[in-house]
Protein chains: 2
Amino acid sequence: MSRWEPGASGRLRDAAMELYVERGFAQTTVAEIAERAGVTPRTFFRYFADKREVLFGGSTLLQEAMVEALHNAPPAAPPMVAVTAALDSAADFLGGRHDFSRQRQALIKANPELQERELIKLATLASALTDGLRLRGVPDPEAGLAAETGMAVFRVAFDSWATGAGDRELAQVMSDAMGRLSSITQDR
Amino acid sequence: MSRWEPGASGRLRDAAMELYVERGFAQTTVAEIAERAGVTPRTFFRYFADKREVLFGGSTLLQEAMVEALHNAPPAAPPMVAVTAALDSAADFLGGRHDFSRQRQALIKANPELQERELIKLATLASALTDGLRLRGVPDPEAGLAAETGMAVFRVAFDSWATGAGDRELAQVMSDAMGRLSSITQDR
DNA sequence: AGAGTTGATGTCACTTGATGACATCAACGT
DNA sequence: ACGTTGATGTCATCAAGTGACATCAACTCT
């Protein structure tokens, strides 16, 4: 793949993460990241669309995993069951990186710009899940609602897991949240 | 309030909206907005935190209305019923401005930065609703879930209403979406 | 081996968003 | 009149991001 000085992308990512943790996201300049990585600022923007994007490199992979899980769910399964399968695959994808998730979540919570980026990634994910549900034959208003609701569960559960001590499994936290959801939405 | 040339804030808001519609958000510069409003670019940033914020001036009022509706719901009402009351007040707040909402929604959909800002405003709103539910005595995981779920309904319904022809009432669209939600979340 | 190709990087110049420090000016009260 | 006050202008500066073009190492082909 890369030629004579491999890993420029990786060095940039590492340097950025280090600096973000050391002195905070807003207090870190792209010039500093590039310098620590041994490249020019211009090169940074060839690997990352902007300063925030460093923290969201894995979002594409996560989305692909969840959409695939949605696709592999039994054809007869109702929408919310398929969404649950997607959440399970997400738990599988993220469950092993509690320390990293905690650090990342702390950075995001401390900075509005990063919150915005996080939110749009999650929204994109919700949109992908909606499309996946439509592909399963779920009609239009239901597909969107099921996907959005599933992502609401994801947000609540993931934040609780990443912020907390990490003594419980992510999959378990998500399952619990999903269980509570159906009890709540029934009494109205 | 303002002294010798009143309405600088209003002129800036109008000028910005005009330019955003005329040539798009990204293609509009703060210098142009300020020029059309008859002030200095520096003054723009004294009224708006950044270029995007012009489109989100009303979000504080909407949030206050919804939180108040939540507060005024019968104390014995279950969480989702109180959230429904908040959604009704939102429909009341926004229902009369279909043309403006449509234009605004078109601008937002055409620009990722604006989508990000929209999302964080909605997330803040969800957070405020969560707090409001806690104040009603709703315990912690349920409060967050009910609020997030309610906002999911809001997003789906509002987008459908603002993007669509506007032949149906916003309150009706929201009510329908809420109805579909409970049917979906039961069969799992 | 030598020449050209290719893809990643460097260099330079520039626009734009955003902010801090300080000056100014009109209205207001005294 | 005079000083205060609050909004605005002026000036300088930083940082993000981008386009155009040069450069250089590695690879290919003969």
If you put a point 7 Å past Cα along the Cβ direction, how far is that point for residue B:31 from the same point in each other copy, in nm, smallest first? 2.2
From other protein chains only, count the Cβ atoms within 10 Å of every residue's Cβ in A:177-184, then give the mean. 5
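Just to make sure I understand: if all protein chains stay in place, what is the order of A:173, B:81 by accessible area at 1.4 Å, largest first? Walk me through the numbers on the way to the answer.
Numbers: A:173 15, B:81 55 Å².
Sorted by accessible area, descending: B:81, A:173.
Chains B and A: buried accessible surface, both sides, probe 1.4 Å, rounded to 100 Å²?
Values: alone 10880 and 10890 Å², together 18750 Å².
The B and A chains share an interface burying roughly 3000 Å².
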For the full complex of protein chains and a 1.4 angstrom probe, list B:124, A:28 by accessible area with the highest value first. B:124, A:28
In nm, what does the list of distances from residue B:172 to its counterparts in the other copies look like, shortest first, when each label sits 7 Å along Cα to Cβ? 4.9
In sequence order, what are the phi-derived ³J(HN,Hα) couplings for segment A:29-44 according to the Karplus relation 6.51 cos²θ - 1.76 cosθ + 1.60 with θ = phi - 60°, rounded to whole Hz, with x for glycine and proline? 9, 4, 4, 5, 4, 4, 4, 5, 7, x, 9, 8, x, 4, 5, 3
Under Karplus coefficients 6.51, -1.76 and 1.60, residue-wise ³J(HN,Hα) of segment B:10-21 in Hz, glycine/proline x: x, 4, 5, 4, 4, 4, 5, 4, 4, 5, 4, 6
Please report, in whole Å, how far the alpha carbons of chain A spread along each principal axis, starting with the longest. 56, 35, 26
Cα centroid of segment B:118-134 to Cα centroid of segment A:86-131, whole Å: 18
So what's the Cα pair-distance distribution over the protein assembly as shown, bin width 20 Å, in %? 25, 55, 19, 0
Result for chain A: accessible area per residue, probe 1.4 angstrom, in square angstrom, of 50
Inverse of mean 1/r across different Cα pairs in segment B:115-188, Kirkwood, Å: 13.4
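Say the cut-off is 20 Å between C-alpha atoms; which of A:109/B:109; A:51/A:109; A:51/B:109; A:121/B:121; B:51/B:109 go over it? All intermediate terms of the calculation are to be shown ahead of the outcome.
Working: A:109/B:109 25 Å; A:51/A:109 16 Å; A:51/B:109 23 Å; A:121/B:121 15 Å; B:51/B:109 16 Å.
Beyond 20 Å between Cα atoms: A:109/B:109; A:51/B:109.
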For residue A:97, residues with placed amide H under 5 Å, excluding near neighbours: none
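Which of rounded, prolate, oblate describes segment B:31-91, given a ≥ b ≥ c as roots of the alpha-carbon gyration tensor eigenvalues and a/c under 1.5 marking rounded, otherwise prolate only if a/b is larger than b/c?
Working: a/c = 5.28, a/b = 4.50, b/c = 1.17.
It comes out prolate by the Cα gyration axes.
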List the residues of segment A:139-157 that lose 20 Å² or more of accessible area once all protein chains are present, compared with their chain alone (1.4 Å probe, heavy atoms only, no ligands or nucleic acids). A:141, A:142, A:145, A:148, A:149, A:152, A:155, A:156
Can you list, shortest first in nanometers, how far residue A:139 lies from the same residue in the other copies, with each label 7 Å from Cα toward Cβ? 3.7
Taking the Cα atoms of segment B:8-54, report the difference between the largest and smallest coordinate on each principal axis, in whole Å and largest first. 23, 19, 16
Let me have the 222 nm mean residue ellipticity of the protein assembly as shown computed from DSSP H runs of 4+ only, each contributing -39500 (n - 2.57), with the sum over all residues rounded to the nearest 500. -23500 deg cm²/dmol
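Contact order normalised by length for chain A, with contacts defined as Cα pairs under 8 Å and 6 or more residues apart; what percent is it? Intermediate results must be reported in sequence, preceding the final value.
Values: 159 pairs, mean separation 36.4, N = 188.
Worked out over chain A, it gives 19 percent.
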Applying the Karplus parametrisation 6.51 cos²θ - 1.76 cosθ + 1.60 with θ = phi - 60° to the phi angles of segment A:115-128, what ³J(HN,Hα) value in whole Hz is obtained for each residue in order, glycine and proline being reported as x? 4, 4, 5, 4, 4, 6, 5, 5, 5, 4, 4, 4, 5, 5
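Taking all protein chains in place and a 1.4 Å probe, what share, in percent, of the accessible surface of chain B do carbon and sulfur account for? The partial results should precede the final answer.
Numbers: 4890 of 9370 Å².
On chain B, the fraction of accessible area on carbon and sulfur atoms equals 52 percent.
The values are calculated or read from the model by the stated rules, or taken from the named source; none is laboratory data. Note that this is a predicted model, so its numbers are computed, not measured. As a convention, Cβ positions derive from the backbone with ideal geometry for all residues, glycine included, and neighbour counts pool all protein chains shown. In case anyone asks, the SASA skips ligands and DNA or RNA and just uses the protein heavy atoms, side chains included. Shrake-Rupley method; radii C 1.70, N 1.55, O 1.52, S 1.80 Å.
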